[in-house]
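The values are calculated or read from the model by the stated rules, or taken from the named source; none is laboratory data. Owing to the predicted nature of the structure, the values given are computational and were not obtained by experimental measurement. Using ideal geometry, Cβ is built from the backbone for each residue, glycine included, and neighbour counts are taken over all protein chains shown.
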């Protein structure tokens, strides 16, 4: 388990160089940036699937019912996972902004 001292040691160069005024702000910014990057990555997967299939997830889901190929089922699972994970990261981002204010 990482200790408060270890976190402080990692963040210390950011304070001493003047990039951040305190550890809490530095950590919040770093975590927020990480979450934004995760959301962007899932957005890219979702956009790729929309372009590949020429429709959104809901329409694609209806279209493949009872006549899906293995490849389309694989795409559906990847697409669904990207949507689910994007939503989870968006919720985490909202909580971060609310709790670390």
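Of the residues in region 65-74, how many are surrounded by 14 or more Cβ atoms within 10 Å (Cβ to Cβ) and either modelled with pLDDT under 95 or within 19 Å of the chain's Cα centre (by Cα) (or both)?
Number of matching residues: 1.
Can you tell me which residue is nearest to residue 8 (Cα to Cα) among those in region 28-61 that are touching a residue at least 60 places away in the same chain (Cβ under 8 Å) and crowded, with 16+ Cβ neighbours inside 10 Å? Step through it out loud before you land on a result.
Looking only at region 28-61, we keep the residues that are touching a residue at least 60 places away in the same chain (Cβ under 8 Å), and these are 28, 31-32, 35.
Within this subset, residues satisfying the condition of being crowded, with 16+ Cβ neighbours inside 10 Å are 28, 35.
On the way: 28: 13, 35: 21 Å.
Step by step, filter region 28-61, then rank; the result is 28.
For region 1-60, give me each residue that is outside any helix (DSSP H, G or I) and within 17 Å of residue 100 (Cβ to Cβ).
20, 21, 22
Restricting to region 57-92, give me the number of residues that are more than 15 Å from residue 36 (Cα to Cα) and in contact with a helix residue (DSSP H, G or I) (Cβ under 8 Å, 6 or more places away or on another chain).
Total meeting the criteria: 12.
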